[in-house]
Amino acid sequence: MTEGAETKPARVVVADDQTVVREGIVMLLGLLSGIEVVGAAGDGEEAVRLVAELAPDVVLMDLRMPRCDGVEATRRIRTEHPGTQVVVLTTYADDDSLFPALKAGARGYLTKDAGGDEIVRAVQSVLSGDAGLAPGIQRRLLERLSAPEPSQPVSAEPPDGLTAREVEVLALIAEGLSNQEIARKLHVSTATVKTHINNLFTKTGLKDRAQAVRYAYAKGLVRPPTGGIT
């Protein structure tokens, strides 16, 4: 980016079947810098149509909606319009809501008690290739994925051609550390951390941090702490 260039606001579609809630979210986002609301949908079917019509950067997606729920709408958007990311914004934080949404392709997951700053961070995170997960959601994800798959032996050698440093970075991602925190812990630059992450994502075929956490535990590269995660 050249000096003096302005960063374009993220173009966002809001999908929620409750009119008062939807209008409230649109009003809140209108007060935030870095976000431009370009459309609002009352169900998943309308959300998919608006994405096709408007090509937004991000959809803030409710889950429990008529005609087409948020999970199915997310799946269709990520399949048909991969340039649009999805951040779930819902009342529900239970596993039966969380994991199907992430599996469908959502890169972020927030509950509706999230503040404006948290929503902006999640939108910016998914647009930069990271996962936009609320801290409590990330903790639930780690707890669910803390045990390696029984059928997967722990390898003496790192899988998929990963280097020892890449495995170390992967383990810190699984602990929930940001790029800046990893850089400080390893005494390297943030740019170096990003290079390691890009390399390990390329080697493993991973697309985001949520998948990286799942991969780390499934491959036995990270072991749950004694007594579980608190």
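The values are calculated or read from the model by the stated rules, or taken from the named source; none is laboratory data. As the structure is a prediction and not an experimental result, all values here were calculated from the model. Please note: Cβ atoms are built from the backbone with ideal geometry, for glycine as well, and neighbour counts cover all protein chains shown. With ligands, DNA and RNA removed, areas are computed over all heavy atoms of the protein, side chains included. Shrake-Rupley method; radii C 1.70, N 1.55, O 1.52, S 1.80 Å.
Determine the gain in length on full extension of the stretch PHE99-ALA191; use 0.36 nm per residue of separation and subtract their C-alpha separation, reporting nm with one decimal.
Length gained between PHE99 and ALA191: 30.0 nm.
Largest first, please: the extent of the C-alpha atoms of the stretch 37-85 along each principal axis, to the nearest Å.
Computed over the Cα atoms, the extents are 23, 21, 14 Å.
Counting heavy atoms of the protein chains only and a 1.4 Å probe, report the per residue accessible area for the chain as a whole number of Å².
I get 51 Å² per residue for the chain.
Can you give me the distance in nm between label points at GLN138 and LEU28, each placed 7 Å from the Cα along the Cα-to-Cβ direction?
2.0 nm
When only Cα pairs under 8 Å and 6 or more residues apart are kept, what is the percent relative contact order across the chain? Walk me through the numbers before you get to the answer.
On the way: 360 pairs, mean separation 33.0, N = 230.
This gives 14 percent for the chain.
Excluding same-chain residues fewer than 8 positions from LYS185, which lysines have a Cα within less than 26 Å of its Cα?
Once the sequence-local lysines are set aside, what remains near LYS185 is LYS194, LYS203, LYS207, LYS219.
May I ask for the angle, rounded to the nearest 10°, between helix 190-204 and the longest principal axis of the chain, with both axes built from Cα atoms and the value confined to 0 to 90°?
Helix 190-204 and the main axis of the chain meet at about 90 degrees.
At 0.36 nm per residue, minus the direct Cα-Cα distance, what do GLN211 and ALA52 gain on full extension? Give it in nm, one decimal, please.
Full-extension gain reported as 54.6 nm.
Per the Debye formula with a single identical scatterer at each Cα and no solvent contribution, what log10 I(q)/I(0) holds for the chain at q = 0.08 Å⁻¹?
-0.31
With axes computed from alpha carbons, what is the tilt in degrees of helix 19-30 against the longest principal axis of the chain, rounded to the nearest 10 within 0 to 90?
70 degrees
Just how many % of Cα pairs in the stretch 1-108 lie over 16 Å apart, if you round to the nearest whole percent? List each step's numbers first, then the result.
Working: 3156 of 5778 pairs.
When all Cα pairs of the stretch 1-108 are counted, 55 percent exceed 16 Å.
What distance in nm lies between label points placed 7 Å from Cα along the C-beta direction at ASP113 and GLU175?
Distance between the two pseudo-spin positions: 2.8 nm.
Accessible area of the chain with a 1.4 Å probe: how many percent of it is carbon plus sulfur?
So the carbon and sulfur contribution to the accessible surface is 49 percent.
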